[in-house]
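Visitor: Input: one structure, supplied below.
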């Protein structure tokens with residue numbers, strides 16, 4: 001195997017201290033024939049045992065090629081611009097044959113990793129495969145068929161067993177989300193043997209339980225490198241691969257480092273964490289532009305209540321800034337306000353606020369503005385969180401569920417093709433997920449915690465482009481600023497100690 005540059009051990013321990021894992025000897029399987037009794041492939045279909053097996057639903061496309069090593073050591077790779085690159089002169093491939101390996105070392109490096117006992121997996125974002133309407137169905141199905149052909153051809157040249165995971169929806173399975181990493185982890189290790197242990201007060205990921213994270217790594221090109229990081233090379237289109245590795249708490253390499261032994265790679269900058277975004281933005285707010293903060297607003301409200309004065313509070317803030325959360329959990333619950341909700345009305349400027357001020361003045365109310373001051377980057381993060389936080393928490397809880405006291409069988413149990421409600425309940429409550437078919441796992445996740453559609457980025461840009469700071473000149477008696485504080489409910493947790501929505505918010509989500 002080619003020599004690699006020094007490990008990039010980029011850790012999120014400041015946010016997620018994780019249990020230390022001990023290594024586990026891999027149980028290598030020499031046969032390349034697919035065992036149809038393998039529970040992880042039981043719901044996949046092929047004409048012959050030697051053919052690739054595929055599973056497909058609205059969130060993922062999974063391909064299994066041969067029988068990958070059972071191992072606690074994972075060698076994971078991005079696909080485009082990492083394992084392969086476009087062969088033609090165009091930026092994007094013109095068809096399923098328009099590709100070549102990143103360089104001549106790719107095949108021998110992956111074969112060497114397989115020989116060393118690594119479980120080889122490819123994890124790729126492929127949102128372009130998502131079918132959003134009947135009109136585009138035929139086109140997307142053709143594109144999906146072409147991708148399958150491409151991966152099958154890559155597999156023939158690699159001539160090693162591996163899994164291919166593609167995230168096709170905008171949810172926790174899509175990088176930088178680590179839904180696919182958790183799913184992969186329970187099928188990668190030898191019989192799902194747990195090598196980690198739960199530590200009180202620490203969120204234990206499924207991957208921490210099943211994998212030797214010190215021996216796991218990801219190779220990807222989206223790490224946030226700037227323009228001309230190498231002469232004439234444009235900046236990375238994103239930093240999702242870097243954030244994915246940070247979320248999974250594993251090492252990250254660029255393809256140039258891993259396959260070329262390149263030494264001209266710039267230092268990878270750790271992206272600003274959501275918690276740090278909140279802190280730095282709150283510190284930058286000029287409080288002199290307002291008449292006070294949330295505490296002073298509440299003091300005014302109490303004073304008005306004591307003197308029997310009517311109060312109106314006009315909420316100002318972008319989508320996903322926390323306006324509704326504040327109103328419902330504080331103004332309504334603690335002060336008895338009546339909530340007037342106009343869907344998607346963010347009150348960004350004078351014109352949008354004028355009618356509320358006029359009504360308040362008509363009835364002699366004290367009229368205040370409450371500006372929930374949140375930066376655009378955090379809004380994007382909050383929108384992703386709002387869309388799939390419940391899905392993410394359930395993925396972690398369910399795939400690590402045999403740590404919660406649920407009994408698990410010693411032998412895989414083949415799921416029935418005609419399940420009654422009771423047998424389905426028994427299947428989900430009695431079986432370890434590693435002994436379940438992909439179909440049953442995804443059916444459970446879809447029924448219990450589906451991701452919701454995300455708000456369009458256009459709505460976010462619209463608010464910030466129209467925003468005007470509230471002033472007394474437009475009729476407000478006072479204007480207050482509300483500094484963002486994430487709110488996760490009464491105790492911030494799901495019904496499992498293994499995951500909580502607050503832990504999900506503290507991950508990189510977009």
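Visitor: Could you please let me know if residue 225 is part of a loop (DSSP other than H, G, I, E, B) and surrounded by 20 or more Cβ atoms within 10 Å (Cβ to Cβ)?
Guide: On the way: part of a loop (DSSP other than H, G, I, E, B): yes; surrounded by 20 or more Cβ atoms within 10 Å (Cβ to Cβ): yes.
Here the answer is yes, as residue 225 does meet what is asked.
Visitor: Then there's this: Looking at the stretch 276-290, I want the residues that are in the same structural domain as residue 484 (by TED's automatic domain parsing) and have a partner that is part of a helix (DSSP H, G or I) with Cβ atoms under 8 Å, at least 6 apart or on another chain. Which pairs are those?
Guide: Matching pairs, first to second residue: 277/377; 277/378; 277/381; 278/378; 281/378.
Visitor: Does at least one position in the stretch 281-297 carry a residue that is under 25 Å from residue 462 (Cβ atoms), touching a helix residue (DSSP H, G or I) at 6+ places or on another chain (Cβ under 7 Å) and part of a loop (DSSP other than H, G, I, E, B)?
Guide: no
Visitor: Quick one: which of 185, 231 is at pLDDT below 95 and assigned to a helix (DSSP H, G or I)?
Guide: 185
Visitor: Further question on the same structure: Would you call residue 491 assigned by TED's automatic domain parsing to the domain that holds residue 370 and at pLDDT below 90?
Guide: For residue 491, the condition - assigned by TED's automatic domain parsing to the domain that holds residue 370 and at pLDDT below 90 - is met.
Visitor: Continuing with the same structure: Could you please find all residues in the stretch 458-472 being farther than 16 Å from residue 345 by Cβ and in contact with a helix residue (DSSP H, G or I) (Cβ under 9 Å, 6 or more places away or on another chain)?
Guide: Result: 461, 469, 471.
Visitor: So, in the stretch 450-472, of the ones that are at pLDDT below 95 and not in a helix (DSSP H, G or I), which residue ends up surrounded by the fewest Cβ atoms within 10 Å (Cβ to Cβ)?
Guide: Filtering first and then ranking leaves 453.
Visitor: Among what's in the stretch 308-320 and is out of contact with any helix residue (DSSP H, G or I) (no Cβ under 6 Å at 6 or more places or on another chain) and within 14 Å of residue 347 (Cα to Cα), pick the residue that is surrounded by the most Cβ atoms within 10 Å (Cβ to Cβ).
Guide: Only one residue fits best here, namely 316.
Visitor: Just checking, does the stretch 256-265 include any residue being within 22 Å of the chain's Cα centre (by Cα), modelled with pLDDT of 90 or more and assigned by TED's automatic domain parsing to the domain that holds residue 175?
Guide: no
Visitor: A further question follows. Within the stretch 59-82, which residues are in contact with a helix residue (DSSP H, G or I) (Cβ under 6 Å, 6 or more places away or on another chain) and farther than 17 Å from residue 178 by Cβ?
Guide: The answer is 63, 64, 65, 70, 73, 82.
Visitor: I would also like to ask the following. Take the stretch 447-486 and flag every residue that is without any contact (Cβ under 8 Å) to a residue 60 or more places away in the chain and under 30 Å from residue 183 (Cβ atoms).
Guide: Correct list: 447, 448, 449, 450, 456.
The values are calculated or read from the model by the stated rules, or taken from the named source; none is laboratory data. All figures in this text were calculated on a predicted structure; none of them were measured in a lab. Neighbour counts run over all protein chains shown; Cβ positions are idealised from the backbone, glycine included.
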